[in-house]
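For reference, the structure is listed below as structure tokens.
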Amino acid sequence: SPGTEWVSTAERPGGSLLTRQLQELWRRSRGSLAPQRLLFEVTSASVVSERSSKYVLYTIYLIRSSQFDKAPATIARRYSDFEQLNRRLRCRFSCDMASVAFPRKRLRRNFTAETIAKRSRAFEQFLSHLHSIDEIRRSPEFLEFFFMPDLQAAQRLTCTGMYREALATWANAYRLQDRLGVCSSGRFLLTLAGLAVCHQELDQLSEAHGCCEQALQLLEAQGSHPLLGPFLQAHIHLAWKVGKDKRRSEARLQDLREAGLPLQQ
């Protein structure tokens, strides 16, 4: 519930740096109702050549204007990604988008330092302008531009057993969703599930346990969410492994069983 304060396992000995960072983000996001101002900074741009195509890849940091982020949330996008976002938003929010500037496509000189620098600034201003408009900031088109590629990549890496690489990708997806203020969505729960799986597979059981606790805190008021049973089962197993209290989760799981709800793994 909104009034419940999350007690971070980061305050206990042995928590990893990644876990402490994630749980600090969690604590901050739960205490903030108003959207914080975000800065979008292009930190690098590199020319990529792939077989018959050549493009510029822009790396962008999402930075809270009032805080120092030890672990930045980052994305890497090319011009065509921004162009697709611009097109989708103009289709849906034509009035709001009328005043939003977007750098036009060039037929020549796309790879000069001058063009890349100008586009970098233009993309920063484009994203900042979009984020300042309430309806656009909350739209799936805008939000998914940031974290959907990481979620898809993290799922692929997890399913192929590349848990260390997947963990870093899930963690960046977590930070992106935190910066964008969407830490109560189904995709955020999926992110916590991915983090829990990777931590467990890498034998980082305290960290996996902490991810389950965060998810169960989010699911506190929901009695029949598809992920509630799996998170309860994982939490009980991990609590037993790391010597933490599992009685509350056992009671909640028993309630689900008595209600006859199917339990997925």
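The values are calculated or read from the model by the stated rules, or taken from the named source; none is laboratory data. None of the values given here were measured: they were computed from a predicted structure. We place every Cβ from the backbone using ideal geometry, glycine too, and count neighbours over all the protein chains shown. We work out accessible area using only protein heavy atoms, side chains counted, and drop any ligands, DNA or RNA first. Shrake-Rupley method; radii C 1.70, N 1.55, O 1.52, S 1.80 Å.
The local environment of Glu141, defined by Cβ-Cβ distances under 9 Å, has a net charge of +1 under the rule Lys, Arg +1 and Asp, Glu -1.
Heavy-atom accessible area per residue, the chain, 1.4 Å probe: how many Å²?
On a per-residue basis, 54 Å².
Relative to the dominant Cα principal axis of the chain, helix 17-30 is inclined by about 90°. Relative contact order of the chain, taken over Cα pairs closer than 8 Å and 6 or more residues apart, is 16 percent. The amide H of Leu39, built 1.01 Å from its N in the peptide plane, has Ile63, Arg64, Ser65 as neighbours under 5 Å, considering only residues 5 or more places off or on other chains.
Rank-order 255-263, 132-140, 231-239 by packing density, defined as the average count of other C-beta atoms within 10 Å over each peptide's residues, highest first. Mind dumping the intermediate values first?
Details: 255-263: 10.6, 132-140: 14.1, 231-239: 21.6.
With the highest mean Cβ count within 10 Å placed first, the list reads 231-239, 132-140, 255-263.
Taking amide hydrogens as placed 1.01 Å from N in the peptide plane, the amide H of Val56 sits under 5 Å from those of Val48, Tyr79, each at least 5 positions away in sequence or on another chain.
Just to be sure I understand: if I project the alpha-carbon convex hull of the chain onto a plane and average over all orientations, what area do I get in nm²? Before the final figure, lay out each step's value.
Numbers: hull surface 66.6 nm².
Mean orientational projected area (the chain, Cα hull): 16.6 nm².
Taking 0.36 nm per residue of separation and subtracting the Cα-Cα distance, what length does fully extending Ala221 through Lys118 add? Walk me through the numbers before you get to the answer.
On the way: separation 103, 0.36 × 103 = 37.08 nm, distance 4.82 nm.
Computed gain between Ala221 and Lys118 is 32.3 nm.
Here segment 175-218 is scanned for amide nitrogen atoms under 19 Å from the site 7 Å beyond the Cα of Arg164 along Cα-to-Cβ, giving 195-208. Helix 247-258 axis versus longest C-alpha principal axis of the chain: approximately 90°, rounded to the nearest ten. Label-to-label distance for Val242 and Asp69 is 2.5 nm, based on points extended 7 Å past Cα in the beta-carbon direction. Take the Cβ atoms of Phe111 and Arg156, set R0 to 35 Å, and the FRET efficiency comes out at 0.70.
Round to the nearest 10 and give me the degree value, 0 to 90, for the angle of helix 186-201's Cα axis relative to the longest principal axis of the chain. It works out to around 70 degrees. For a test of the definition: using alpha carbon positions, the gyration tensor, and the 1.5 limit on a/c, classify segment 146-256 as rounded, prolate or oblate. Note, shape of segment 146-256 comes out oblate. For segment 66-123, a/c is not less than 1.5, where a ≥ b ≥ c are the root eigenvalues of the C-alpha gyration tensor, and a/b does not top b/c. That puts it in the oblate class.
Which of rounded, prolate or oblate describes segment 93-158 when judged by the alpha-carbon gyration tensor and an a/c cut-off of 1.5?
On the way: a/c = 2.60, a/b = 1.19, b/c = 2.20.
It comes out oblate by the Cα gyration axes.
Within the accessible surface of the chain, defined with a 1.4 Å probe on protein heavy atoms only, the carbon and sulfur portion equals 51 percent. Taking Lys and Arg as +1 and Asp and Glu as -1, the other residues whose beta-carbon sits under 12 Å from that of Phe93 total +2. Residue ranges 164-177, 205-218, 87-100 sort as 205-218, 164-177, 87-100 when ordered by packing (mean number of other C-beta atoms within 10 Å per residue, highest first).
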